[in-house]
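The values are calculated or read from the model by the stated rules, or taken from the named source; none is laboratory data. The structure displayed is predicted, hence computed values, not measured ones. Cβ sites come from the backbone with ideal geometry, for glycine too, and all protein chains shown count toward neighbours.
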Amino acid sequence: MKILTVIGARPQFIKAATVSRVIATMDNVTEVIVHTGQHFDANMSDVFFEQMGIPKPDYNLEIASLSHGAMTGRQLEAIEKVLLIEKPDWVIVYGDTNSTLAGALAASKLHIKVAHVEAGLRSFNMRMPEEQNRIVTDRISTMLFCPTQTALENLNNEGYANLNIKTVVSGDVMYDAALFYKQFATKPKQLCNLDLSDGFILSTIHRAENTDDAARLSELVDALNELHKSKPVIMPLHPRTKNKLSELGLLLNIHLIDPVGYLEMVYLLEHCTFVASDSGGVQKEAYFFSKQCLILRDETEWVELVQCGSNKIVGANKKTILDEASKLSNNQLFNEDFYGDGNSALRIVNNLINFSS
Ligand code: UDP
């Protein structure tokens with residue numbers, strides 16, 4: 001069986017790493033990796049291939065830094081060419097980026113089976129490019145791998161039980177990744193002179209709804225600067241956020257570092273006091289590492305973490321952020337297995353092998 005994997009952005013490298021590791025152990029399955037080039041910097045791309053042992057991409061399409069429509073369109077065209085050459089049995093796409101949508105659409109138009117990993121997530125905010133990408137991808141896929149029970153319920157609410165699309169609650173490949181790679185966690189070199197023993201707040205910001213809205217970004221900057229006065233805030237700064245801060249002349253007076261590799265990120269997650277982030281992945285990883293998380297958004301796809309009390313939605317309001325930060329306690333329990341058993345990648349590959357339409 002030949003699987004063609006389409007990836008292009010940081011969270012997809014992390015998700016695909018676990019599935020690639022499983023495929024590599026199987027004699028009867030081969031993988032062709034297509035990197036669309038959406039994220040291309042060494043610290044947003046190469047480092048994940050090196051640290052996580054992801055095979056070098058067979059194709060690098062080098063399509064980046066374009067508007068959403070142009071990027072998706074060019075990816076669609078380029079992926080179609082690769083599919084016509086490779087003729088895979090399955091195309092696997094991950095998450096909710098333009099690369100996800102382009103990969104699924106190119107395959108589906110050629111009647112190649114599509115597996116969507118991280119299917120069924122919904123923010124119910126149709127303005128988000130991620131929500132648009134994931135809804136369309138789910139609908140044109142052959143098999144949908146839901147990370148959680150909630151994701152399956154979302155699909156059922158949309159009538160997927162009546163469609164000819166197979167749904168599987170596989171668990172979350174990011175949980176697989178956290179469990180496996182934590183043995184290799186490393187302190188970021190950029191912080192080697194900083195004593196972290198009294199704890200710190202780990203923060204990331206990169207969602208368009210925050211970076212592309214000057215009022216929200218400025219409020220977040222104020223809130224983080226204020227928090228930093230009582231507890232150091234460390235932020236690996238996403239390139240998009242860096243550009244926006246400098247464009248708007250906003251000054252973050254916290255420990256800003258360049259984006260780090262996954263092993264450094266795991267170290268920061270393990271050692272921080274709590275997390276403040278608008279990232280989909282990081283708010284969940286906080287839970288994997290038994291940390292509470294302030295979600296710097298107005299909604300989340302990972303509702304189970306809000307319901308169980310470990311995560312709080314605080315938006316981009318300075319007062320709410322500071323109030324909720326002061327209320328965080330260490331009494332939270334992190335023992336519910338919302339995200340499976342750490343074998344999601346194996347379950348996914350086995351389902352593809354055993355699939356019959
Ligand atoms: N991450 C990383 N280095 C960083 C920041 C994030 O390795 O400097 C990892 C993080 O641990 C998570 C993933 O990147 O696994 C999340 O990616 P991102 O926040 O860019 O996207 P999202 O999850 O919101 O789609």
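Scanning the stretch 86-98 for residues that are part of a loop (DSSP other than H, G, I, E, B) and either among the acidic types (Asp, Glu) or surrounded by 15 or more Cβ atoms within 10 Å (Cβ to Cβ) (or both) yields PRO88, ASP89, GLY95, ASP96, THR97. The single condition from (1) more than 10 Å from the ligand (Cβ to nearest atom); (2) in contact (Cβ under 8 Å) with a residue 60 or more places away in the chain; (3) out of contact with any Lys or Arg (no Cβ under 9 Å at 6 or more places or on another chain) that SER326 fails is (2).
Candidates in the stretch 18-37 are the residues that are surrounded by fewer than 24 Cβ atoms within 10 Å (Cβ to Cβ) and touching a residue at least 60 places away in the same chain (Cβ under 8 Å); of these, the one that is nearest to the ligand (Cβ to nearest atom) is ARG21.
Inspect the stretch 337-352 for any residue being outside any helix (DSSP H, G or I) and among the basic types (Lys, Arg) and give the result as yes or no. No, because not a single residue in the stretch 337-352 is outside any helix (DSSP H, G or I) and among the basic types (Lys, Arg).
Take the residues of the stretch 178-200 that are part of a loop (DSSP other than H, G, I, E, B) and among the polar types (S, T, N, Q): which is nearest to PHE288 (Cα to Cα)?
Step one: list which residues in the stretch 178-200 are part of a loop (DSSP other than H, G, I, E, B), which gives 185-188, 192-200.
Right, trim to among the polar types (S, T, N, Q) and you get 186, 193, 197.
Values: THR186: 17, ASN193: 27, SER197: 21 Å.
Out of the qualifying residues, it is THR186.
Evaluate the following for LYS319: is it without any contact (Cβ under 8 Å) to a residue 24 or more places away in the chain, within 16 Å of the ligand (Cβ to nearest atom) and surrounded by fewer than 18 Cβ atoms within 10 Å (Cβ to Cβ)?
On the way: without any contact (Cβ under 8 Å) to a residue 24 or more places away in the chain: yes; within 16 Å of the ligand (Cβ to nearest atom): no; surrounded by fewer than 18 Cβ atoms within 10 Å (Cβ to Cβ): yes.
When the stated conditions are applied, LYS319 does not pass them.
Can you confirm whether the stretch 91-108 contains a residue that is at pLDDT below 95 and either more than 21 Å from LYS166 (Cα to Cα) or within 15 Å of the ligand (Cβ to nearest atom) (or both)?
Restricting attention to the stretch 91-108, the residues satisfying the condition of being at pLDDT below 95 are none.
No, the stretch 91-108 contains no residue that is at pLDDT below 95 and either more than 21 Å from LYS166 (Cα to Cα) or within 15 Å of the ligand (Cβ to nearest atom) (or both).
Could you check the stretch 229-255 and list, in sequence order, the residues that are away from the ligand (no atom under 11 Å from the Cβ) and buried (at least 17 other Cβ atoms within 10 Å of the Cβ)? Break it down stepwise before answering.
Here is the first cut: in the stretch 229-255, the residues away from the ligand (no atom under 11 Å from the Cβ) are 229-233, 242-255.
Listed by number, the residues that qualify are PRO232, VAL233, LYS244, LEU245, LEU252, ILE254, HIS255.
Which residue, of LEU76, LEU101, LEU66, LEU83, is surrounded by fewer than 20 Cβ atoms within 10 Å (Cβ to Cβ) and either part of a helix (DSSP H, G or I) or more than 21 Å from the chain's Cα centre (by Cα) (or both)? Give the steps one after another, and end with the answer.
Numbers: LEU101 fails: surrounded by fewer than 20 Cβ atoms within 10 Å (Cβ to Cβ); LEU66 fails: either part of a helix (DSSP H, G or I) or more than 21 Å from the chain's Cα centre (by Cα) (or both); LEU83 fails: surrounded by fewer than 20 Cβ atoms within 10 Å (Cβ to Cβ).
Of the residues listed, the single one that is surrounded by fewer than 20 Cβ atoms within 10 Å (Cβ to Cβ) and either part of a helix (DSSP H, G or I) or more than 21 Å from the chain's Cα centre (by Cα) (or both) is LEU76.
Can you tell me which of (1) in a helix (DSSP H, G or I); (2) within 16 Å of the ligand (Cβ to nearest atom) is the one VAL6 doesn't meet? With respect to (1) in a helix (DSSP H, G or I); (2) within 16 Å of the ligand (Cβ to nearest atom), VAL6 is out only on (1).
The strands (runs of 3 or more DSSP E) found wholly in the stretch 202-310 and carrying at least 1 residues that are within 17 Å of the chain's Cα centre (by Cα), among the hydrophobic types (A, V, I, L, M, F, W, C) and within 30 Å of LEU155 (Cα to Cα) occupy 274-277, 293-295.
Count of the stretch 259-282 residues, restricted to those that are more than 8 Å from the ligand (Cβ to nearest atom) and in contact with a strand residue (DSSP E or B) (Cβ under 9 Å, 6 or more places away or on another chain), is 7.
Take the stretch 284-295 and flag every residue that is over 15 Å from ALA325 (Cβ atoms) and within 11 Å of the ligand (Cβ to nearest atom). Walk me through it before giving the result.
Let us first name the residues in the stretch 284-295 that are over 15 Å from ALA325 (Cβ atoms), namely 284-285, 287-290.
Once the filter is applied, which keeps residues that are over 15 Å from ALA325 (Cβ atoms) and within 11 Å of the ligand (Cβ to nearest atom), the stretch 284-295 yields LYS284, GLU285, PHE288, PHE289.
Could you check how many residues of the stretch 197-215 are surrounded by 15 or more Cβ atoms within 10 Å (Cβ to Cβ) and either within 16 Å of the ligand (Cβ to nearest atom) or hydroxyl-bearing (Ser, Thr, Tyr) (or both)?
In the first step, residues of the stretch 197-215 are kept if they are surrounded by 15 or more Cβ atoms within 10 Å (Cβ to Cβ); the result is 200-211, 213.
Keeping just the survivors that are either within 16 Å of the ligand (Cβ to nearest atom) or hydroxyl-bearing (Ser, Thr, Tyr) (or both) gives 200-211.
Total satisfying the criteria: 12.
Within the stretch 28-56, the set of residues being closer than 11 Å to PHE13 by Cα, in contact with a strand residue (DSSP E or B) (Cβ under 7 Å, 6 or more places away or on another chain) and assigned to a loop (DSSP other than H, G, I, E, B) comprises just one member, PRO55. So, of the residues in the stretch 109-153 that are acidic (Asp, Glu) and under 16 Å from SER279 (Cα atoms), which turns out to be surrounded by the most Cβ atoms within 10 Å (Cβ to Cβ)? Residue satisfying both the conditions and the ranking: GLU118.
Of all residue pairs spaced 6 or more apart or on separate chains, none has beta-carbon atoms under 8 Å together with a first member in the stretch 220-238 that is farther than 30 Å from PHE40 by Cβ and a second member that is acidic (Asp, Glu) and within 16 Å of the ligand (Cβ to nearest atom). The set of residues in the stretch 170-190 that are surrounded by 20 or more Cβ atoms within 10 Å (Cβ to Cβ) and hydrophobic (A, V, I, L, M, F, W, C) comprises VAL173, MET174, ALA177, ALA178.
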